[in-house]
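J.: Have a look at this one.
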Amino acid sequence: MDPLKQEMKPLTKVVSEWVHEYFKSTDLKIFEDGNRATYQFTGEDGGDFNYNGYVEVYEERWLVDIFLYAEVKVPNRKRRDVAELLARVNYDLLAGLIGLDFESGEIRYKNTLDVRDGLLSIAMVNSAVDRGISILDRFLPAVLAVTHANIIPEDAYTEVDDDKPKKAKLVLPKVEPLGDALTWDSIAGHVPIKIWAADLKHAIEGTDDKSAWALAGRGVVLINDDEGYCREVLRRVATDAGMKFIIIPRNEVVDMAPAAAFRGMAPLLIYLEPERWMQGSDDENETKEEAEAVRQFQSNLSGWMREFNPSRPVVFAVSASDLDSVDESLRQVELFDRFVSLPSRSLESTGLDFIQNIDQSICAPSLIDSPGKVGRLITWEFNQPEQRKMAVLSLKRIHARENRPLEFLDLVHIATHTLIEEGLVQPCIESVRRQTAYHEAGHAIVAILESDGQDIPDYTSIMPGSSGFGGITVESYRFYYSKNDDQKTYHDFRRGIRVSLAGRAAEELLVGAEYVSNGAYGDLKAVAQQMFEAFARWGFAPFMEKAGQSESNLSLVLGKPTPSEYEHVEKLSRMFVAKEYLLVIKKLTEHRHLLDDVASRLLWDPVVDQDELIEICCKHNVQISTEK
């Protein structure tokens with residue numbers, strides 16, 4: 001016979017009556033083992049944190065143990081600090097204590113009622129449990145201050161000690177403004193993401209409706225390469241859903257506070273900037289401690305999302321270039337279980353929005369008539385919303401100061417000078433500046449010559465660019481984006497290789513092969529990647545413009561190359577790039593006066609735009625396309 005159906009013993013009967021009176025729960029779990037009965041419940045109401053509660057009854061010993069396990073887990077590297085904090089807390093507690101499991105990082109409150117010489121009542125049990133919840137609600141913020149804000153235990157305890165002045169507390173990220181969110185019409189393919197926003201709003205209005213939240217999703221992955229764009233789309237989602245919105249920077253994600261710390265902001269949408277924490281396998285460049293921190297965070301994040309509180313919802317979002325970028329362990333039901341492929345925003349749309357933010361009435365045709373070119377520049381150089389706002393402000397200041405229409409070149413100057421404040425300064429040694437000028441002039445000239453004058457760079461500069469080098473050459477937007485990326489020809493491939501090699505070739509003509517710099521590393525890396533794709537994946541053959549060469553390399557490398565396949569591709573690549581480099585040297589030698597002229601212009605004008613390049617080319621009778 002089921003022991004629970006027998007007449008209950010005195011203590012068990014009181015606890016059972018308390019459970020049913022205060023929880024009225026149909027999913028209450030009751031276990032009985034000899035003289036011990038255990039009542040399990042979940043506390044989600046009345047406090048700032050969730051708890052798994054247990055009341056254990058020992059009839060023969062007349063004891064009732066109360067356990068409350070907090071959802072907060074302490075990272076391994078912070079357990080000694082938290083142990084010191086809890087030692088300070090427990091010393092002053094009048095009833096019960098808070099314990100820390102050094103193995104798992106679990107925190108629990110424990111209290112024992114000894115009723116040997118008295119009677120147990122429902123009020124006594126309720127008071128003991130409420131006291132435990134109150135104690136944890138009071139001191140868990142101090143635990144979070146130690147684990148996620150680097151507050152020392154003494155100061156963290158002072159913060160929650162009512163008899164002493166407050167000194168420290170966990171500072172959470174600021175809530176993002178929602179008023180300047182994108183419009184739905186400006187978001188390409190917005191229907192799926194708009195549906196998600198509506199589902200979130202419906203779930204919020206239902207408050208405690210767990211089924212609505214299961215359908216809405218507690219985590220979403222936006223599939224798109226542009227992080228800045230994804231953030232702004234999520235800002236639109238939060239606005240429509242009636243949620244607050246915060247962003248956790250990539251370098252802070254692993255050490256972020258648990259979801260429970262954010263419930264005071266709920267309903268809340270949190271964007272976690274993508275980084276190593278999303279991936280499953282260890283990175284060979286990280287330490288064991290770093291790898292363990294990533295694994296611990298993934299485990300913590302899974303726990304936070306599964307312990308979701310529908311009355312105070314915290315929803316997570318992340319962006320990725322593809323679904324495989326997110327570890328499979330996080331792509332589970334109740335975790336990241338909603339995926340939205342977000343079409344990339346056109347550069348024209350991005351540029352138009354930027355121009356409208358400046359005010360089109362103060363812009364010259366070089367800005368108004370080239371929204372795609374503007375969009376590409378700000379996407380490259382001003383990827384963060386705050387950076388774009390600063391660029392708009394800088395342009396407006398130029399207009400106010402000089403009382404003239406704003407030109408595209410004004411935006412170029414802002415872009416090329418921005419990173420100086422971040423420590424990337426223009427080379428001050430004249431020989432270095434000169435070599436950098438020739439390097440960039442080489443790229444620009446070969447781009448023009450190899451395109452029959454159609455690819456006249458939008459600008460070339462020896463100021464620091466976003467790549468961190470001492471110079472940058474930005475090929476013509478009109479020419480570059482007239483090509484379909486899915487239908488690149490061998491001619492396009494070969495031309496790109498020559499343009500990439502031209503910087504180093506120009507340096508060699510200036511200072512000799514012995515003194516070329518390592519500034520071509522990025523160029524050569526791009527060349528190596530292009531050649532592997534061309535010879536291993538596309539079926540191109542070196543020098544296939546010559547008769548009898550096209551069919552010499554039609555066997556593709558599928559999947560990861562074998563050692564023999566890699567050796568074959570490497571052999572083709574080395575032979576090809578060596579001959580192409582000599583051709584670039586020859587072409588620059590033939591146009592040495594043009595090279596000298598562009599480099600000289602860069603030395604006294606560190607940003608040379610498209611119009612200036614056209615002027616120099618015309619001076620040297622180089623064929624150009626006048627359509628810009």
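Bear in mind that the values in this text are calculations on the coordinates, not laboratory data. Remember, it's a predicted structure, so these values are computed and weren't measured experimentally. So basically every Cβ, Gly included, is an ideal-geometry build from the backbone, and we count neighbours across all protein chains shown.
J.: How large is the charge dipole for region 347-421, taken about the Cα centre, if only the Cβ atoms of Lys, Arg (+1) and Asp, Glu (-1) carry charge, to the nearest 20 debye?
T.: It comes to approximately 120 debye.
J.: Rounded to the nearest 10 degrees, what's the angle between the helix 191-206 long axis and the longest principal axis of the chain, both from Cα atoms, 0 to 90?
T.: For helix 191-206, the angle is close to 20 degrees.
J.: Ok, one more. Filter the GluC sites (Glu not before Pro) in region 169-249 down to the DSSP loop ones having no more than 11 other Cβ atoms within 10 Å, then list what survives.
T.: none
J.: While we're here: Angle, helix 408-418 long axis vs. longest principal axis of the chain, Cα atoms, 0 to 90°, nearest 10?
T.: Tilt relative to the chain: about 60 degrees.
J.: About its Cα centre, how strong a charge dipole does region 220-325 have in debye, to the nearest 20, once Lys and Arg get +1 and Asp and Glu get -1 at the Cβ?
T.: I would put it at about 840 debye.
J.: What does the charge dipole of region 426-619 about its Cα centre add up to, to the nearest 20 debye, if the Cβ of each Lys and Arg holds +1 and the Cβ of each Asp and Glu holds -1?
T.: 520 debye
J.: Pairing the Cα long axis of helix 385-402 with the longest principal axis of the chain, what angle in degrees results, from 0 to 90 and rounded to the nearest 10?
T.: The helix 385-402 is inclined about 50 degrees to the chain.
J.: Take the alpha-carbon positions of region 426-619, form their convex hull, and give its projected area averaged over all directions (one quarter of the hull surface) in nm².
T.: Averaged projected hull area, Cα only: 11.9 nm².
J.: Assuming a viscosity of 0.692 mPa s and a temperature of 37 °C, what translational diffusion coefficient in µm² per second does Stokes-Einstein assign to region 175-293, Rh being the Kirkwood radius over Cα pairs?
T.: D, rounded to a whole number, is 207 µm²/s.
J.: If we count other beta carbons within 10 Å of each Cβ, what is the order of Leu558, Leu367, Leu100, fewest first?
T.: Starting with the residue having the fewest Cβ neighbours, the order is Leu558, Leu100, Leu367.
J.: Additional query: What are the extents of the Cα atoms of the chain along their three principal axes, in Å, largest first?
T.: Principal-axis extents of the Cα atoms in the chain, largest first: 108, 65, 47 Å.
J.: Could you pull the Cα extents of region 347-421 along its three principal axes, largest to smallest, in whole Å?
T.: Dimensions of region 347-421 along the principal axes of its Cα atoms: 28, 27, 17 Å.
J.: Over 21 Å between Cα atoms, which of Lys488/Lys587; Lys78/Lys288; Lys525/Lys571; Lys73/Lys201; Lys174/Lys194 qualify?
T.: Over 21 Å Cα-Cα: Lys488/Lys587; Lys73/Lys201; Lys174/Lys194.
J.: So for the chain, averaging the separation of alpha carbon pairs under 8 Å that are six or more residues apart and normalising by length, what relative contact order in percent results?
T.: Answer for the chain is 9 percent.
J.: Please arrange Thr562, Thr12, Thr379 by how many other C-beta atoms lie within 10 Å of their C-beta, fewest to most.
T.: Thr562, Thr379, Thr12
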